[in-house]
1. List the strands (runs of 3 or more DSSP E) that sit entirely inside the range A:8-51 and contain at least 3 residues that are away from every other protein chain (no Cβ under 13 Å).
2. May I ask you to list the residues in the range B:88-113 that are of a type in the set (A, V, I, L, M) and away from chain A (no Cβ under 14 Å)?
3. Residue A:75: within 14 Å of another protein chain (Cβ to nearest Cβ) and surrounded by 13 or more Cβ atoms within 10 Å (Cβ to Cβ), yes or no?
4. Hey, can you tell me all the residues within the range B:57-87 that are within 14 Å of chain A (Cβ to nearest Cβ) and closer than 11 Å to residue B:32 by Cβ?
5. Tell me which of these residue B:79 doesn't satisfy, since it passes every other one: (1) closer than 22 Å to residue A:43 by Cα; (2) surrounded by fewer than 17 Cβ atoms within 10 Å (Cβ to Cβ).
6. If residue B:70 meets every condition in (1) under 30 Å from residue A:106 (Cα atoms); (2) assigned to a loop (DSSP other than H, G, I, E, B); (3) polar (S, T, N, Q) apart from one, which number is that one?
7. Output the number of residues of the range B:52-103 satisfying the condition of being aromatic (Phe, Trp, Tyr), closer than 25 Å to residue B:40 by Cα and at pLDDT 95 or above.
Amino acid sequence: GQNIDQPTEMTATEGAIVQINCTYQTSGFNGLFWYQQHAGEAPTFLSYNVLDGLEEKGRFSSFLSRSKGYSYLLLKELQMKDSASYLCACPLPGGYNKLIFGAGTRLAVHP
Amino acid sequence: KAGVTQTPRYLIKTRGQQVTLSCSPISGHRSVSWYQQTPGQGLQFLFEYFSETQRNKGNFPGRFSGRQFSNSRSEMNVSTLELGDSALYLCASSLDRGQDEQYFGPGTRLTVT
């Protein structure tokens, strides 16, 4: 079966670093996406990993371990505007545009 | 470049009615996917259209259907609405070159009373 797990909520302090974990079980693997969704808004793309390792993009980095079925999103120098839900997603068999999403991790950044 | 647009943004219907939602993808994007987002179930894949053909389908009843036009615009229809259909319906478009990301529209908030 297909399953993606993420923590439901996390809190962090402005300026700090936070790591949001995601574990997945999918039949076949075509990479893993991270999306950010602010309350009342559409999800926006953050990163895509298909090979093992860390990919850095500014304050955000994403890591993948295919052997462990594990990924994390690392947010550095947290800002208040980073308060949002972070969604982990994998393409289902049949195509990249058929995504299964985790329930999302709601991150609250406090001053 | 204009983003994905969805109309209407908000909709209130009563049980038993039907509803049609519209999505205009980013210019040049031929793949359009639809998702349902609820607090309890999160984001769930409904179906994907590419070149006017349904290419993938999620696990939703037949009351949920869609289509895509030659200009890549897409519509989804829900017939015989149930209270549980209340949700945010999101459409997403992509260039469909493999691992291209999907760009999401702002969604249509459907409330069924």
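1. By residue number, A:9-13, A:18-25.
2. Answer for the range B:88-113, where residues must be of a type in the set (A, V, I, L, M) and away from chain A (no Cβ under 14 Å): B:110, B:112.
3. So residue A:75 does not fit the description; no.
4. B:66, B:68, B:72, B:74 - these are the residues of the range B:57-87 that are within 14 Å of chain A (Cβ to nearest Cβ) and closer than 11 Å to residue B:32 by Cβ.
5. The one condition residue B:79 does not meet is (1).
6. Result: residue B:70 passes all but (1).
7. 3
Here's the yes/no breakdown for (1) on the phi > 0 side of the Ramachandran plot; (2) free of Cβ contacts under 8 Å to residues at least 24 places away in the same chain; (3) out of contact with any Phe, Trp or Tyr (no Cβ under 6 Å at 6 or more places or on another chain); (4) surrounded by fewer than 21 Cβ atoms within 10 Å (Cβ to Cβ):
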residue: B:7; (1), (2), (3), (4): no, no, yes, yes
residue: B:13; (1), (2), (3), (4): no, no, yes, yes
residue: B:16; (1), (2), (3), (4): yes, no, yes, yes
residue: B:31; (1), (2), (3), (4): no, no, no, no
residue: B:34; (1), (2), (3), (4): no, no, no, no
residue: B:59; (1), (2), (3), (4): no, yes, yes, yes
residue: B:71; (1), (2), (3), (4): no, yes, yes, yes
residue: B:75; (1), (2), (3), (4): no, no, yes, yes
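The values are calculated or read from the model by the stated rules, or taken from the named source; none is laboratory data. These numbers were taken from a predicted model, which means no experiment stands behind them. FYI the Cβ positions are ideal-geometry reconstructions off the backbone, even for glycines, and counts take in every protein chain you see.
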